[in-house]
Amino acid sequence: MSNQAAWLKAPKANLEVDSAPTAKAGQGEVVIKNAFLAINPVDWKIQSYGFPNYKYPDILGRDIAGEIVEIGQDVTRLHLGQRVIAHALGRLVGDPAYGGFQLYTVAKEITVASIPDSLSYEHAVVLPLSISTAAAGLYQKGFLEVPYSTIDPKPTGKTILFWGGSSSVGSTTIQLAVASGLTVVSTASKKNFDYVKALGAHHVFDHSSATAGCVISQSVSHQLRIYL
């Protein structure tokens with residue numbers, strides 16, 4: 001399978017579409033034929049500003065959605081032809097083959113999730129890095145370390161505050177926190193109140209209000225145990 005990528009070949013350079021090595025799945029990996037890609041702030045910031053000691057050329061891109069076309073050894077959860085999303089780890093593993101901005105991306109099984117037929121690639125592709133960021137903050141050792149999310153969570157007695165619950169990461173984190181048994185307090189613009197409540201937030205406040213901090217403090221500060 002012939003591969004092409006949008007390469008970043010030098011600091012602050014434009015992306016250049018050029019040939020890329022053929023993707024090959026190693027142990028615990030799959031190759032995904034990308035249908036949709038998403039752009040994250042980290043992508044354009046690396047391109048626009050450059051990072052110290054950054055290795056060029058590189059393939060940016062963290063969020064991908066597509067179809068599995070190759071399965072590596074010891075992969076147990078996934079199968080050929082499966083519709084999936086994945087957090088592309090190019091920069092983290094130091095290998096452009098794992099970058100998102102190309103036709104075929106190598107992905108670690110642990111960063112890949114299947115998606116239902118009812119969810120389009122276009123809508124699903126924005127989820128991977130958002131989920132990774134939310135999960136790291138909530139569950140990773142040295143961070144909040146709240147209980148893992150479950151289908152039938154037990155109340156923990158803890159309340160968490162999110163400032164900006166309607167953002168990509170905020171939306172994901174609210175849902176995970178509720179599924180972890182936390183009571184969720186969030187801020188949002190008034191137009192997004194219903195959206196944030198639909199995600200599971202128990203209390204929502206207007207972040208644009210000059211008295212937002214005071215109102216939250218007076219209303220629920222006695223409940224708060226975690227701030228984010």
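Laboratory data are not the source of any read-out in this text; all were calculated from the coordinates shown. Quantities reported herein were computed from a predicted structural model and do not represent experimental measurements. Positions of Cβ are generated from backbone atoms using ideal geometry, with glycine treated the same way; all protein chains shown enter the neighbour counts.
Overview of results
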{"quantity": "Global form of segment 13-155, assessed from the alpha-carbon gyration tensor, a/c cut-off 1.5", "calculated": "oblate"}
{"quantity": "Estimated FRET transfer efficiency (VAL220, LYS191; beta-carbon r; R0 25 Å; 0.05)", "calculated": "0.70"}
{"quantity": "Segment 22-90: trypsin sites (Lys or Arg not before Pro) in DSSP loop, at most 14 other beta carbons within 10 Å", "calculated": "LYS24, LYS55, ARG77"}
{"quantity": "Pairs of Lys in segment 3-122 closer than 16 Å at Cα, counting only those 8 or more apart or on different chains", "calculated": "8"}
{"quantity": "Segment TYR148-TYR49, extension gain: residue separation times 0.36 nm, minus the distance between their alpha carbons", "calculated": "32.0 nm"}
{"quantity": "Extension gain, ALA179 back to THR211 (0.36 nm per residue minus Cα-Cα distance, nm)", "calculated": "8.5 nm"}
{"quantity": "Sequence-separation-based contact order of the chain, relative, with Cα cut under 8 Å and 6+ spacing, percent", "calculated": "15"}
{"quantity": "Residues of type lysines that LYS154 reaches as a straight line, Cα spacing below 27 Å, ignoring anything fewer than 8 places off in the same chain", "calculated": "LYS141, LYS197"}
{"quantity": "Label-point gap, in nm, between GLU67 and ALA113 - each point 7 angstrom along Cα→Cβ", "calculated": "2.3"}
{"quantity": "Under the Debye formula (equal points on every Cα, no solvent term), log10 I(q)/I(0) of segment 131-227 at q = 0.22 Å⁻¹", "calculated": "-1.12"}
